[in-house]
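**Q** My structure is below; once you've seen it, I'll send some questions.
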Amino acid sequence: MLVESTDHGRMVFLQAAAVHAQVVERYFVAPVPSDGYGLLISSLGEIENALRGT
């Protein structure tokens, strides 16, 4: 079965993605000092590995 999103569906997705990006920036990136970004990225990688079971 082939499905395609509608124009409205794409618009809603893009709006949701923009809100998601704002939330991530506000609560996960902005509070971290610039010298802590490496640790943040490393920690997120560890979480990803755990979720993937690797």
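**Q** Note the full-extension length gain between Asn49 and Val29 as 0.36 nm times their separation in residues minus their Cα-Cα distance, in nm to one decimal.
**A** On the way: separation 20, 0.36 × 20 = 7.20 nm, distance 2.01 nm.
That works out to 5.2 nm of additional length.
**Q** Could you tell me what percent of the accessible area of the chain is made up of carbon and sulfur, with a 1.4 Å probe and every protein chain present?
**A** On the way: 3250 of 4970 Å².
Looking at the chain in its full context, I get 65 percent from C and S.
**Q** Right, something else. With every protein chain kept in place and ligands, DNA and RNA left out, what is the accessible area per residue of region 9-54? Probe 1.4 Å, answer in Å².
**A** For region 9-54, the solvent-accessible area averages 86 Å² per residue.
**Q** For the chain, state what percent of all Cα-Cα pairs lands in each successive 5 Å bin, counting from 0 Å until the bin that includes the largest distance.
**A** 4, 16, 13, 15, 16, 15, 12, 6, 2, 0
The values are calculated or read from the model by the stated rules, or taken from the named source; none is laboratory data. Here the structure is a predicted model, which means the values were calculated and not measured. These accessible areas exclude ligands, DNA and RNA; they are computed on the full protein's heavy atoms, side chains included. Shrake-Rupley method; radii C 1.70, N 1.55, O 1.52, S 1.80 Å.
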